[in-house]
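Data block below; observations after.
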Amino acid sequence: MLHAVFLMPLFPLAGFVVLLAFGRRIGEPIAGWIGTSAVAAAFVSACITLVGLANQPSSARQLTCSDSCARGASGHAFFTWIPVGGLHVKVAILLDPLSMTMAMFVTGVSMLIHLYSIGYMKGDRDFTKFFVYLNAFVFSMLVLVLANNLLVTFVGWEGVGVCSYWLISFWFHRDSAASAGKKAFIYNRIGDAGFLLAMFLIFSKTGTLTYLTVFAHRHLLVGGGTMTAAVLLLFLAATGKSAQIPLFNWLPDAMEGPTPVSALIHAATMVTAGVYLMVRVNPLLALSPDAMWVIAAIGGATAFVAATIACAQQDIKKALAFSTVSQIGYMVLAVGTGAYVAAIFLMVCHAFYKGLLFLGAGSVIHGLEDEQDMKRMGGLRRTMPWTFVTFLTAWLALAAIPPFAGFWAKGDILANVYGKTLVLYALGLLTAFFTAYYMSRIYFLTFTGRERWAEPAPDGRPAHHRPHESPWIMRAPLVVLSFFAVFAGAVNLPWVHTGTLGQWLAPVLGNRLFNAHESPTELIWLAVADGIVAVGAAYAAWRIWRRTSERPALEPAFLQRVWYWDNVYDAVIGRPGQVVARVYAVMVDGRLIDGAVNGVARLVRSTGSGVRRIQTGFVRNYVLGIALGMAAILAFMLSRTK
């Protein structure tokens, strides 16, 4: 059954090739069904592989897979990709509980989003191209999570990056979409520089990039700050891909892409790649406690900052985007405190309810003729009942209202942080209050109150037509994701001690998992505190927003303008960079480079003009020139004789 692991990346790759070659001739909607079927086949392969891996003994669940995977032994690579000197990079799959967990929700959630996209993208002029990009993305994401070494992981890492660029700027005829795509690309390249430097450093010390071999020789990285440098460089890569401070503000602009893109890439899969990378290299993190404190602090700060910003956004997708940044911050906080299981637990739950939130937002946007301003919504529970009910479950899950999935996942992180540091726990609990508040605000502004969509906008825009519910092909994924938003917390309930996510991930984490050693009484009180904070914030939002959409005092420009983060970058980097570019264009490019090129051209031209004057066409002049030349040669030879 483990042989099915090879099919996981191959099915999306096949879908990509078929759609690239024949998609335009196939057309809509068949092209969408082909792309969806390819990812569905990958999900079935993942389920088969999961059963095969679960049947292995716990000690045999970390395999380098090729032909011998079915026998449960370490296998050989598919092929050697780079045999250069001491660098031998082999293409092989590392199949273990961590990569299997990632592959399951990547393929499962991607399948539902592909299905949703068939309805959402109906009538788009580039319908086929959209599914080409989606299939390429899923293939790249599976390469990232299944690779057995850092370099092949980097290939998948760059693959999802370029697919993200294509999908964010999919409607490139909009200037805002084109700019958002470039912004995401540049921010991610900054992080990728850290990934490359980390690989150079690790290879220089261990002579390999294969995960299991690097971990076996990790003692070679200890000393002289090498381990801390390697971990922080990898974390720099994670801050770019997972949108953490200081590289977080590309993600809200990425909402310019179609809503299924927001659900797939910027909620459920790609933005969690940085968290996955940090959990994957947990043996290195365990030997660098200073780096882990840095990771925890940045994760906690990002979660808090993004949560406050989400409280003042009017665009429903941007509010959800900042929510994603905040939730990833929680995961990074968990990684920094050594609570790796808690980080993966929230990652899995978040994939379901945040994917549902974005798809629900897409359903609202679809029904309101592309309207994204929550101040122009309201009362949609009466006209969009399916979207209303499913969005309700996602709201309660993300707000961490018990007993929904987010309550258990976020509570697991806060309990571990409480055992590590009270300062970051207090910050996390305050962030939880803002989380429940902004999610409740989104819900009340969108689905309750008066029907503002039926009124002209203050800026003169006309009222919308009556909203309509989405077709079944868009509603079905909402229902499935809604089920998991409610029950996904069951995979790691605190009082269950067998068959939990923690037990499943044990072969990957070993004894490096932080254990807070809280008593059952402490855990109960921590859970009660989490519940009180979430319910209290939801109640406060209900009192504030249930009958109005205007509270300027609660939406200060400071938060609407993202703590002026982009303004600071523009003042410190953007404008000075423009000045340097202008000076370079004039002094270096204009005078030095162009001057050298133009100078050579002028020299050739003047030389040609001079030589042209002696080409008179008179034979006597040519004979005279020959005679003078021979005389000069003869004089030179005579002068050299002794």
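Here are the numbers:
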read-out: Residue that is least open to solvent (accessible area, probe 1.4 Å) [pool: residues in the range 81-96 that are of a type outside the set (D, E, K, R) and outside any strand (DSSP E or B)]; value: Ala92
read-out: Residues of the range 607-642 satisfying the condition of being charged (D, E, K, R) and either under 60 Å from the mean Cα position of the chain (by Cα) or outside any helix (DSSP H, G or I) (or both); value: Lys642
read-out: Selection count, the range 185-211, where residues are open to solvent by less than 20 Å² (accessible area, probe 1.4 Å) and charged (D, E, K, R); value: 1
read-out: Every pair of residues 6+ apart whose Cβ atoms lie under 6 Å, when the first sits in the range 542-553 and is over 18 Å from Thr435 (Cα atoms) while the second is part of a helix (DSSP H, G or I) and of a type in the set (A, V, I, L, M, F, W, C); value: Ser549/Leu445
read-out: Every residue from the range 137-156 that is open to solvent by 10 Å² or more (accessible area, probe 1.4 Å) and over 22 Å from Leu212 (Cα atoms); value: Phe139
read-out: Every pair of residues 6+ apart whose Cβ atoms lie under 8 Å, when the first sits in the range 429-447 and is within 14 Å of Leu392 (Cβ to Cβ) and in a helix (DSSP H, G or I) while the second is open to solvent by 10 Å² or more (accessible area, probe 1.4 Å) and among the aromatic types (Phe, Trp, Tyr); value: Met439/Trp395; Ser440/Trp395; Ser440/Trp542; Ile442/Trp395; Tyr443/Trp395; Phe444/Trp542; Phe447/Phe388
read-out: Criterion (out of contact with any strand residue (DSSP E or B) (no Cβ under 9 Å at 6 or more places or on another chain) and at pLDDT 85 or above) met by exactly one of Gly502, Gly510; value: Gly502
read-out: The range 539-581, subset among the charged types (D, E, K, R) and farther than 22 Å from Lys317 by Cβ, residue surrounded by the most Cβ atoms within 10 Å (Cβ to Cβ); value: Asp570
read-out: Some residue of the range 582-592 being within 39 Å of the chain's Cα centre (by Cα) and open to solvent by 100 Å² or more (accessible area, probe 1.4 Å); value: yes
read-out: Whichever residue in the range 26-50 is over 13 Å from Ala14 (Cβ atoms) and free of Cβ contacts under 8 Å to residues at least 60 places away in the same chain and, among such residues, is surrounded by the most Cβ atoms within 10 Å (Cβ to Cβ); value: Thr49
read-out: Members of the range 372-429 that are of a type in the set (Lys, Arg) and touching a Cys at 6+ places or on another chain (Cβ under 9 Å); value: Lys410
read-out: Selection from the range 474-495 of residues that are more than 19 Å from Met347 (Cβ to Cβ) and open to solvent by 20 Å² or more (accessible area, probe 1.4 Å); value: Arg475, Ala476, Val479, Trp495
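Each row is one residue, and each column tells you yes or no for (1) hydroxyl-bearing (Ser, Thr, Tyr); (2) more than 23 Å from Asp566 (Cβ to Cβ); (3) part of a helix (DSSP H, G or I); (4) free of Cβ contacts under 8 Å to residues at least 60 places away in the same chain.
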position: Val152; (1), (2), (3), (4): no, yes, yes, no
position: Val155; (1), (2), (3), (4): no, yes, yes, yes
position: Ser164; (1), (2), (3), (4): yes, no, yes, no
position: Phe172; (1), (2), (3), (4): no, no, no, yes
position: Ala177; (1), (2), (3), (4): no, no, yes, no
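The values are calculated or read from the model by the stated rules, or taken from the named source; none is laboratory data. Just so we're clear, the structure is a prediction, and the values are computed from it rather than from any experiment. Every residue, glycine as well, gets a Cβ built from its backbone with ideal geometry; the counts of neighbours run over all protein chains shown. Note: areas computed on protein heavy atoms with side chains; ligands, DNA, RNA excluded. Shrake-Rupley method; radii C 1.70, N 1.55, O 1.52, S 1.80 Å.
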